[in-house]
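Heads up, the thing below is written out as structure tokens.
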Amino acid sequence: MNTSSSTQIAGQLGWLAFFGVFVFVAGIVVAGLAYDGYSHVDQMISELGGADATRPWIQNINFALVGLTTTGLAIGLMIDAGRVFLGAVLVAVMGISGTILNGTLHCDSGCEGATTEGLLHLMTGLVGFLSMVVGLFFLIRHFRQDSRWAGHVRFTRISAWATLAGFLLFAASDGVPEWDGLAQRIFVLPVLVFVAVTGWRLAHIAAAAPGTDVDPSALGSEVLQHL
């Protein structure tokens with residue numbers, strides 16, 4: 001860390017990423033309840049903010065929030081490292097392209113990509129998803145080179161392979177539309193777990209840094225009050 005203030009910023013971004021995951025999951029549940037006839041098994045998450053949704057603004061705001069907190073995690077990791085590195089940049093691409101833009105470019109009916117906006121939604125989502133898959137493998141190398149993150153290497157490796165497997169399952173489900181929603185959630189789950197756990201660890205590493213006298217639990221409570 002360069003300064004105690006930058007360390008605290010990294011910690012705060014970590015907590016925001018941690019809490020952001022839980023807000024995102026809650027948002028999906030709320031948006032699903034507000035969408036008449038919605039099925040979490042055969043409909044994708046994006047459809048909650050798409051053309052057929054009853055209250056699309058709920059999920060679109062939800063996408064924007066989790067995108068901001070995920071991008072914040074990437075920035076926090078770079079602050080922690082004191083440099084820009086590829087793994088974190090790819091996580092930021094996921095936050096921006098995979099979620100923020102997905103909340104701005106809405107999917108069409110059934111997320112078929114039949115309209116220009118719907119096609120852009122699918123393309124930006126694909127870029128974001130692929131960036132996260134690749135980024136996780138680069139993060140394994142980054143964490144391995146930093147003794148403070150040594151305990152996070154195995155978890156990141158498991159997350160990377162689980163995310164890759166989930167992505168392949170999601171891609172294969174394209175031919176079985178009645179399972180699209182479930183397959184997507186299986187893919188997204190390890191990504192969300194990784195973001196939450198990494199945010200939590202970043203906050204605690206920042207709190208333990210020399211010259212930083214911050215109680216991580218107190219900092220987490222302070223961040224939660226501002227959500």
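Scan segment 87-105 and tell me whether some residue there is surrounded by fewer than 21 Cβ atoms within 10 Å (Cβ to Cβ), over 30 Å from Ser5 (Cα atoms), out of contact with any Asp or Glu (no Cβ under 9 Å at 6 or more places or on another chain) and in contact (Cβ under 8 Å) with a residue 24 or more places away in the chain.
Checked against the condition, which is being surrounded by fewer than 21 Cβ atoms within 10 Å (Cβ to Cβ), over 30 Å from Ser5 (Cα atoms), out of contact with any Asp or Glu (no Cβ under 9 Å at 6 or more places or on another chain) and in contact (Cβ under 8 Å) with a residue 24 or more places away in the chain, segment 87-105 yields at least one hit.
Taking segment 28-49 as the search range and keeping residues that are touching a Gly at 6+ places or on another chain (Cβ under 8 Å) and in a loop (DSSP other than H, G, I, E, B), which one is nearest to Thr99 (Cα to Cα)?
Filtering first and then ranking leaves Met44.
List the number of the failed condition for Val84; all other conditions in (1) out of contact with any Leu (no Cβ under 7 Å at 6 or more places or on another chain); (2) assigned to a helix (DSSP H, G or I); (3) of a type in the set (Val, Ile, Thr) hold.
Checking Val84 against (1) out of contact with any Leu (no Cβ under 7 Å at 6 or more places or on another chain); (2) assigned to a helix (DSSP H, G or I); (3) of a type in the set (Val, Ile, Thr), the one that fails is (2).
Could you figure out which of (1) farther than 21 Å from Asp42 by Cβ; (2) among the aliphatic types (A, V, I, L, M); (3) at pLDDT below 90 isn't true of Leu105?
(3)
For segment 1-27, how many residues are part of a loop (DSSP other than H, G, I, E, B) and surrounded by fewer than 16 Cβ atoms within 10 Å (Cβ to Cβ)?
2
If you check every pair at least six apart or on different chains, which have Cβ atoms under 9 Å apart with a residue in segment 57-71 that is over 14 Å from Phe129 (Cβ atoms) first and a residue that is charged (D, E, K, R) second?
Gln59/Glu47
Taking the options Gly98, Gly135, Gly125, name whichever one is modelled with pLDDT of 95 or more, within 14 Å of the chain's Cα centre (by Cα) and either over 26 Å from Gly50 (Cβ atoms) or not aliphatic (A, V, I, L, M) (or both).
Gly135
The values are calculated or read from the model by the stated rules, or taken from the named source; none is laboratory data. Just so it is clear, the model here is predicted, and its values are computed rather than measured. Positions of Cβ are backbone-derived with ideal geometry, glycine not excepted, and every protein chain shown enters the neighbour counts.
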